[in-house]
Amino acid sequence: MMKLFRGISAVLGIAVFIATLALTHPASAQRLRSDTVNPSASVTTEQQLLDQLRTVQGRGSIPDTKSYVIEQPAGRQWQTFHETYLHWIGAIAILGIFLLLVVFYLWRGSLHFGERSGRKMLRFTAFERFVHWLTATCFVILAISGLNITFGKELLLPLIGPGAFSVWSQAAKFGHNYLSFPFTIGVVLMFVIWVASNLPTRADVEWIKRGGGMFGGEEPPAYKFNAGEKLIFWIVVLGGGMVAVTGYVLLFPFYGTGIAEMQLAQGVHSTVGVLYIAAMLVHTYMGTLGMKGAFEGMATGDVDVNWAKSHHLLWYQQEMSGKEKDPSSKSELRADALKTR
Ligand code: HEM
């Protein structure tokens, strides 16, 4: 009997030993750890699923498989970007540039060109002005309606109340959607008519070295567009291209794109959008307050001859000689440009 009891004890002892070994073996330990989640286990938490699978996805019966995704952490990251980072980027870029321009104006005032000559010369044709104002008008409405999407809820809604805010936001949204088309056409036309005059030349290097004469000293000679204007041109074309491509992705959601691509498009669109607005503040300033006589070129098509000599001497000489000196401005020569009034 004693022998039998000892035998049973020995068998039990060996069984306990093997069980202990099995449980402490790495493979078994792995199975018990939380990094291999059994989604149906009652102890599984939502967080464990998110950590492991990067998404909580169910099964569905409708054709739209996107609706099966219930949660994904990238959505929260996108929300943080949209609700926090984008606000900071937009506020710093737009208010920062605005303040810099105010300080610059108080310090430097408008750039003058001396006495008017009384003689005018053609700077922009009617078609060029049409393209400029078409694009600019669309841009202003796109900018205001876009900023309403980003900041309206925080800044405007408390001021005008939910009723007025929803009427305005709906109108702004329609404006944003439909004006995107003439805006895109405008950017493409601008590229076509002005690209030749906006290629870099050696004169631009000199212009940049001397800060365009903005911070003192003589204004360096420039062709039809100086280096600063060329920079604005490329921001308009490339920035416009980026907001257009990403904007159409947002306008036609999930046509060949998934959730991740939509989030990326939104991030790029909104960031480029607010930086674009900041850059256009500089352009608007230079075309109005910043440089006396510049606005009339885009308003009437003509500028004073002394304005041309002072700010675009090489262009003035080209126009006068009727010869092509600037390799980047093949289409710009107009022998009949000089008009006397
Ligand atoms: C082809 C041109 C454009 C298209 C197709 C387009 C399209 C769109 C769409 C569909 C949205 C999302 C609206 C919503 O969430 O309901 C949007 C938002 C926005 N757009 Fe545009 N857009 C264009 C040009 C511009 C331009 C030129 C600017 C800036 C001047 C701009 C700035 C913005 C901003 C700031 C937002 C709000 C982003 C946010 O907070 O979510 N867009 N755009």
>> Just to be sure I understand, how many residues within the range 295-305 are outside any strand (DSSP E or B) and either under 25 Å from the mean Cα position of the chain (by Cα) or closer than 18 Å to A126 by Cβ (or both)?
In response: 7
> Checking I62 against (1) at pLDDT 95 or above; (2) aliphatic (A, V, I, L, M); (3) exposed (fewer than 14 other Cβ atoms within 10 Å of the Cβ), which single condition isn't satisfied?
Replying inline: (1)
>> Looking at G212, G239 in this structure, which one is touching a residue at least 12 places away in the same chain (Cβ under 8 Å) and either among the aliphatic types (A, V, I, L, M) or more than 23 Å from E319 (Cβ to Cβ) (or both)?
In response: G239
> Where in the range 195-262 are the helices (runs of 4 or more DSSP H), entirely inside, with at least 1 residues that are under 30 Å from K66 (Cβ atoms)?
Replying inline: 240-251
> What are the pairs, 6+ residues apart or on separate chains, where a residue within the range 132-148 that is closer than 15 Å to V243 by Cβ has its Cβ under 7 Å from a residue that is among the small types (G, A, S) and within 8 Å of the ligand (Cβ to nearest atom)?
Replying inline: L142/S180; G146/G273
> within 16 Å of the ligand (Cβ to nearest atom), assigned to a helix (DSSP H, G or I), out of contact with any helix residue (DSSP H, G or I) (no Cβ under 6 Å at 6 or more places or on another chain) and under 29 Å from M291 (Cβ atoms): does that describe T184?
Replying inline: no
> If you go through the range 267-289 one residue at a time, do you hit one that is under 28 Å from G175 (Cβ atoms), outside any helix (DSSP H, G or I) and either within 16 Å of the ligand (Cβ to nearest atom) or out of contact with any Gly (no Cβ under 7 Å at 6 or more places or on another chain) (or both)?
Replying inline: yes
> Taking interchain pairs and intrachain pairs at least six residues apart, which have beta carbon atoms under 7 angstrom, with the first residue in the range 73-89 and without any contact (Cβ under 8 Å) to a residue 60 or more places away in the chain and the second in a helix (DSSP H, G or I)?
Replying inline: P73/L50
> Does S117 satisfy the criteria of being modelled with pLDDT of 80 or more, of a type in the set (G, A, S), in contact with a Phe, Trp or Tyr (Cβ under 9 Å, 6 or more places away or on another chain) and closer than 30 Å to G217 by Cα?
Replying inline: yes
> When the residues of the range 212-241 are filtered to those that are under 26 Å from the mean Cα position of the chain (by Cα) and of a type in the set (G, A, S), which remaining residue is surrounded by the fewest Cβ atoms within 10 Å (Cβ to Cβ)?
Replying inline: G241
>> Can you report the number of residues in the range 81-137 which are more than 20 Å from the chain's Cα centre (by Cα), part of a helix (DSSP H, G or I) and more than 16 Å from the ligand (Cβ to nearest atom)?
In response: 15
> Restricting the search to the range 259-284, which residues are crowded, with 18+ Cβ neighbours inside 10 Å and not hydrophobic (A, V, I, L, M, F, W, C)?
Replying inline: Q263, Q266, H269, S270, T271, G273, Y276, H283
> Within the bounds of the range 26-38, is there any residue that is at pLDDT 70 or above and part of a helix (DSSP H, G or I)?
Replying inline: no
> Considering only the range 158-168, how many residues are crowded, with 17+ Cβ neighbours inside 10 Å and within 14 Å of the ligand (Cβ to nearest atom)?
Replying inline: 0
>> I want to confirm something. Restricting to the range 247-258 and keeping residues that are free of Cβ contacts under 8 Å to residues at least 12 places away in the same chain and within 13 Å of the ligand (Cβ to nearest atom), which single residue is surrounded by the fewest Cβ atoms within 10 Å (Cβ to Cβ)?
In response: Y255
> From the residues in the range 142-157 that are more than 12 Å from the ligand (Cβ to nearest atom) and in a helix (DSSP H, G or I), which one is surrounded by the most Cβ atoms within 10 Å (Cβ to Cβ)?
Replying inline: L157
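The values are calculated or read from the model by the stated rules, or taken from the named source; none is laboratory data. This is a predicted model, so every value here is computed, not measured. With ideal geometry, Cβ positions are generated from the backbone for all residues, glycine too; neighbour counts draw on all protein chains shown.
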